[in-house]
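The values are calculated or read from the model by the stated rules, or taken from the named source; none is laboratory data. Worth saying up front: this structure is predicted, and the values here are computed from it rather than measured. As a convention, Cβ positions derive from the backbone with ideal geometry for all residues, glycine included, and neighbour counts pool all protein chains shown. With ligands, DNA and RNA removed, areas are computed over all heavy atoms of the protein, side chains included. Shrake-Rupley method; radii C 1.70, N 1.55, O 1.52, S 1.80 Å.
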Amino acid sequence: MRTSLVENFERQRAYYESNGIVMAITKEGVWTVGSIEFTYVDQESTTGSGQSRYRFFFRPHDDGFWLYGKIAGHKRRAYEDALEIVEGLKPTGESIG
């Protein structure tokens, strides 16, 4: 999944840059939500009117299925607030993975 996201990002980069949008992967790693670990890729895009931030997070589940999420924010504080909300989620029921 990470490889697919990065490859897709690279394919889109030239198109966006030709339209004045600069895109970059700013960070990658493991993000723990509740007790569940997700791999993540952070992306940032910059235009003349500002910046947008994105976190794509994912993990394999049950032989071929993926849990996948995306957080998007156009203002840094709102984006950081969204990350904190997701980090505060607690799994219930059976554990995943």
Subset tally (residues that are under 18 Å from Met1 (Cβ atoms) and out of contact with any Ser or Thr (no Cβ under 8 Å at 6 or more places or on another chain)) for segment 20-30:
2
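Restricting the search to segment 62-80, which residues are in a strand (DSSP E or B) and among the hydrophobic types (A, V, I, L, M, F, W, C)?
If the condition is that a residue be in a strand (DSSP E or B) and among the hydrophobic types (A, V, I, L, M, F, W, C), then Phe65, Trp66, Leu67, Ile71, Ala72 are the ones that fit.
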Take Trp66 and decide whether it is among the hydrophobic types (A, V, I, L, M, F, W, C) and at pLDDT 90 or above.
no
Give the residue that is farthest from Glu80 (Cα to Cα), with candidates limited to residues of segment 3-61 that are open to solvent by 60 Å² or more (accessible area, probe 1.4 Å) and in a loop (DSSP other than H, G, I, E, B).
Asn19
Tell me, which residue of segment 4-42 that is farther than 20 Å from Gly69 by Cβ and acidic (Asp, Glu) is farthest from the chain's Cα centre (by Cα)?
Glu17
Please work out if Glu17 is at pLDDT 85 or above, out of contact with any strand residue (DSSP E or B) (no Cβ under 9 Å at 6 or more places or on another chain) and farther than 13 Å from Arg2 by Cβ.
no
Can you confirm whether Gly64 is out of contact with any strand residue (DSSP E or B) (no Cβ under 8 Å at 6 or more places or on another chain) and surrounded by 13 or more Cβ atoms within 10 Å (Cβ to Cβ)?
no
